[in-house]
Each structure stands twice: as C-alpha cells, then as structure tokens.
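The values are calculated or read from the model by the stated rules, or taken from the named source; none is laboratory data. Given the structure is predicted, the values throughout are model-derived calculations rather than measurements. Here the Cβ positions follow ideal geometry from the backbone for every residue, glycine too, while neighbour counts run over all protein chains shown.
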Amino acid sequence: MTTDKVLMKGNEAFAEAAIRGGARLYFGYPITPQSEVPEYMSRELPKVGGCFIQAESELGAINMAYGAGAAGGSVFISSSSPGIALMQEGMSFLCSAEVPLLAMNVSRGGPGIGGIQPGQADYYQVTRGGGNGDYHIPVFAPSSIQEAVDLLYEGTELAQTWRNPIMVFTDGMIGQMMEPVKLPDYKPVLKPSEIAGQRNWACTGYDDRGGDRERRVVKSLRMQPEKLEEHVENLFAKYARAEKELARWESENLKGAEVVFVAFGTTARICREAIEILAAQGVKAGLIRPISLWPFPNKAFDEIDWSATKAVVSAELSMGQMITDVQLALNGRLPVFLAHRTGGMVPTSPEVAQRAKAVLEGLK
Amino acid sequence: MQRIIVVAGHYGSGKTELAVSLAMDLSARKDRAYPRLAVVDLDVANPYFRSRERMQLLRDHHVSLYADVFNSTGTTAELPALTAALRAPLEDEGCRTIVDLGGNDAGARVLKQFSKYFQGEDHELWAVVNFRRYETLTVENAREHVEAIQRELEMPVTGLVNNTHLLRETTAEIIREGYEKAKQLSRNMGIPLLATCYPAGLVSPEALADIAPLRPLGLYMRPAYLDK
C-alpha cells in the first residue's frame, strides 16, 4: 500500500489500478469521458513492460483484446457507451471462447452518439449484453474512485479465474471527478515463459517439431449443434456458480425505513444526500446499493424491513432500466417507482428526496 | 496584482476553484482601476468541472464569463472553437481578467493564439501546485510540470500557488507538508510563492498561523453529493 492517500482523477486512478492489478496490454480508441485512460496507458504501460496500441476503432480494439487474451495476455480495455456498443460482437465471442478480459465502460448519455455528460442508460447493454447468443458478463458498478480502484485491481485475476470478460461499469462523473485514493501495491505478473504453464488453455505457440504438449484451441465456432449445446450448458454451469459467488451489495439505513432507494454509482451518492434531506423532514429512508449488476444482488432485498417499508424507488440516470431487476428481485412484494434524469442530466438530491416523498404521499 | 491573471497548473491542482474563488473575492472588493471583472474559461481539454458551469453564480456577482462559441447554448463539447468575444476582456484596460486554463501543458496550449496580449507587463502567470496529486507528489515532479507549462506557453511563470489538498480530507498537516515542498520549489525555480490556499470552513486559518500569505478557497465547483 502507498501509505498516504493521493488525489487522483477517476480515469487516471482506473488506469493505474488496472496496471497495479496486473494488466499489461491495453488496446483502445479515445472517447470522452474516458480518454484519460488510454492517454495514461500510452504513457505508463511501456514503463512496466506492457504494451499500448491505439486501435483504428473500438472494433479493432476488442478483437485485439480477443487475440491477445487467447494468447494468455492480461488485457484491459476501456471505452464509453457508443464505443462499448461497437465492442458487443467481440464480447460475445470472448464469452464463447472463454477468453479473460478486464473491460470498463465510463458511460455517458445516449442513445446513439448521445452526449458526453454522465449516464447509466447502458444498464441493459452491460447486464443483458448487446452481442448474440447465450452468455453473461459479470458487471460491477463502483460508486467511488476508491471502490473502482479496488474492483479494477481485483479484475484481472477475476477475469482469469472465471475465464470470461469482467466489466466495470461507471459513469462520466466518477471518471472525471477527483477523489483521494489509496493505491494498492503492484501485483506480481507472469513472465512470458510462465504463461503456457499457468494458463493451461492459452495459445502460446505449438512446437510441431516435438513440442511437449497437446495443441490448444480457442474458438467460438461449433458446427455440430449437440456440441454447441453442450458448450453453452457448460458456460451456464459456470454462470450459475458466478451468480452465487459474485453477487455484491451494500445496504444502509434499512431498519425502519419507510422508503428504500435502490441506486448504483453516482446515483447512490445522490441518494445518500437525499436520505439526509428526508431525515431532516422526519422521513426515514434507506438505500440498497448493488455493487454487482450481473449477477443482480437479489438477496439484498431480503434485508428490507417489511414492517416499515412501503415503497422502493429505483434511482437511475436513464429512463428506468435497473428498475426491471428491482421488480424481479422484489417479485411483487412492494410497489416500485422510478426517480430519474437522463441524457447526461444528473438529478439533485432535493429532487430525489421530493420524488420519494411524493411516492409515499401517493400511497396514503 | 497585475490586470490579467492567467491560472495554469496540473489537472486537478485546483485552477478552476482558485479562478472562481478569486473572481468572487474581487467582485466583493470594488476596485476603481478596474470597474469590470471577467473570467475567461479556456479549458478546452476537459468537458467536466469547468468555470463556465458556474456562469450564473459569476453573473450574479457581476463577473462576465467568456468561453467557447457554444457557451450560450449550454453545449458541453470539448471543442477548441473559441469565441472572438473573449478578446474583449484581454484588450479592455478597465477589465480585471482571470484566465482559467485547462490542465497540464496540453491544456495550457490554447493560450498561445492570444500571445500578443501577453507581450507587455500587465499580466501574471500563476502555476497552481498540489503536492497530493499523484503526478506531483515530489518537488522534482512539480518542477517538471511547471517547466512544461512554461515551455508550452513560451512565457515565464511569475508566481506559484500552493494548493496542496485532498478535497474534504484536507488537514492543516497536509497543507503544511505541501507548503514546505512549495517553498523548496520556489527556491529551486526562483519563482515567488504567492499564496498557500486552504479550504474555507474545513481547515481553520489559526492552525496555519505560521504560513503567509494564506488564501481561503470557497469550494464552488464540487457538488455536495460527491462527498457522500
């Protein structure tokens, strides 16, 4: 640990945390509000023996990540909403081929090219996937730079353990803001000569003049339907384990809360201030903050104080996407409402507090 | 203090906070020599946390704000499409003008097209330093940054401002630790240390009584929810 806290911009801290967590390859294309990540990587990766390549597009970047990951490299990529949209085909391929990847979406307002202010309207994109076929990507949504640092630091190892892309989903506000952070120590990284042994699936080069191992194949094409079905069933056995092991959340003030907010990322911070505003007006409010968005932390909702809570408010920087998962988790046990702004607008804490009060009034 | 104050520094050193705070202070102090007051937001490197976000506050205090051509439309592009109007405060001898640059040498570059206004004596170029920023933790690193800005602008930095802070986690010790490094930087570079900033309401000036000159900074740029 660096003993003292330092002040870092979100995007710089994300890049540094990925490096310290073991990522050594970065392929990307600049896009606001995350362009400081490739800028930082281009400057810092060569200093630690890594490699930065500015791809010709996000399509190029994701396919470079696919190839380098298949060869056993520790790859980190980042982009923002429309750029992540371009990468969706590649994500599906990586999941099918079980290629590890640490990815980050510093999201902005959409749809289309949208704007450059913060958004969370890629919730469906990152949790449901925009690529084809049956697959899942574990998604984590930090609400502070420190939490993002910790998740990205863990991310390379998680991706290798699960042999799957891991997505950190944050928004432009957290990417662009400054915060004091504690940086973790550099993790040891594999030497190129150690990759074939440690990552015993990686295509590190087959020696046909008498190599000492079997050929390795990384692929997503399976032309026999029986084989493809068996492969997808195996992937889903892995995803079922991930649903148990990777669900993460935090809850605050649930006991006695009349209304419970569900919010992630920047919006969770706004809800914390809204909870203080409501408390000053005599209304008890609580917060469930999903940290993993897939798997969605359904168990968090079992902690609700059923004797006190009358309504749940999903607070989002979108027209309401996570609300679908909140409704599924609650399964009709409580009415669910939405507090939102979209298009790069961020609701103020008093607006969110007012919405919660109006919801409670309406239920009387 | 000269008529035009150009504020440069590392990303996140606190340039914009200093520029807005300085404008607010000057607006409260009527100065006969400068009946008009302006902030020129030249941050074309970064689309978030720019002084133009506080346009209404500044206007309410009779400070004119100049930025890019889209400024009046509320567009948030990071385009170096500057309005010709922002030459007005630079040319107006009755206008005290604070120029808020973007971060680093790259963010400062935009000023070069206005170099004809900086040939005379009526301006100062301040470099804000925060010794708790990851890339300027040491005197040497801070020096490299200040030198890069001077090289880019082909203008000497005329004063340093110590704004060592960790946002709401700032303590008197953190400021003092930065002050010691800032004094060293000032000696090494032969550039005067103009002020040490402290966040008003968070750190008491009594705890920094041994440091002079001190300058309180109102925290205008950061919404409260970001510290929840």
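Summary table
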read-out	value
Every residue from the stretch A:1-43 that is within 12 Å of chain B (Cβ to nearest Cβ) and either over 25 Å from residue B:174 (Cβ atoms) or in a loop (DSSP other than H, G, I, E, B) (or both)	A:2, A:3, A:4, A:5, A:30, A:31, A:32, A:33, A:34, A:35, A:39, A:43
Single condition residue A:282 does not satisfy, out of (1) crowded, with 17+ Cβ neighbours inside 10 Å; (2) assigned to a loop (DSSP other than H, G, I, E, B)	(1)
Total residues in the stretch A:174-229, condition in contact (Cβ under 8 Å) with a residue 40 or more places away in the chain, more than 14 Å from every other protein chain (Cβ to nearest Cβ) and more than 22 Å from residue A:72 (Cα to Cα)	1
Scan of the stretch B:20-46 for residues that are closer than 13 Å to residue B:103 by Cα and touching a residue at least 60 places away in the same chain (Cβ under 8 Å), ordered by number	B:42, B:43, B:44, B:45, B:46
Criterion (surrounded by 24 or more Cβ atoms within 10 Å (Cβ to Cβ) and assigned to a helix (DSSP H, G or I)) met by exactly one of B:19, B:8	B:19
Selection from the stretch A:62-109 of residues that are part of a strand (DSSP E or B) and among the hydroxyl-bearing types (Ser, Thr, Tyr)	A:78, A:79, A:107
Qualifying residue in the stretch A:121-134 (condition: closer than 22 Å to residue A:318 by Cβ, outside any helix (DSSP H, G or I) and within 14 Å of chain B (Cβ to nearest Cβ))	no
Residue in the stretch A:74-97 that is crowded, with 24+ Cβ neighbours inside 10 Å, within 14 Å of chain B (Cβ to nearest Cβ) and at pLDDT 95 or above present	yes
Among (1) among the aromatic types (Phe, Trp, Tyr); (2) buried (at least 23 other Cβ atoms within 10 Å of the Cβ); (3) touching a strand residue (DSSP E or B) at 6+ places or on another chain (Cβ under 6 Å) - the single one residue B:134 does not satisfy	(2)
Residue within the stretch A:319-336 that is within 22 Å of residue A:269 (Cα to Cα) and in a strand (DSSP E or B) present	yes
Helices (runs of 4 or more DSSP H) contained in the stretch B:82-189 and holding at least 2 residues under 17 Å from the mean Cα position of the chain (by Cα) and either without any contact (Cβ under 8 Å) to a residue 24 or more places away in the chain or within 14 Å of chain A (Cβ to nearest Cβ) (or both)	B:104-108, B:139-153
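Conditions (1) crowded, with 16+ Cβ neighbours inside 10 Å; (2) modelled with pLDDT of 95 or more; (3) among the β-branched types (Val, Ile, Thr), marked per residue:
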site	(1), (2), (3)
B:138	no, yes, yes
B:144	no, yes, no
B:156	no, yes, no
B:167	yes, no, no
B:187	no, yes, no
B:195	yes, yes, no
B:211	yes, yes, yes
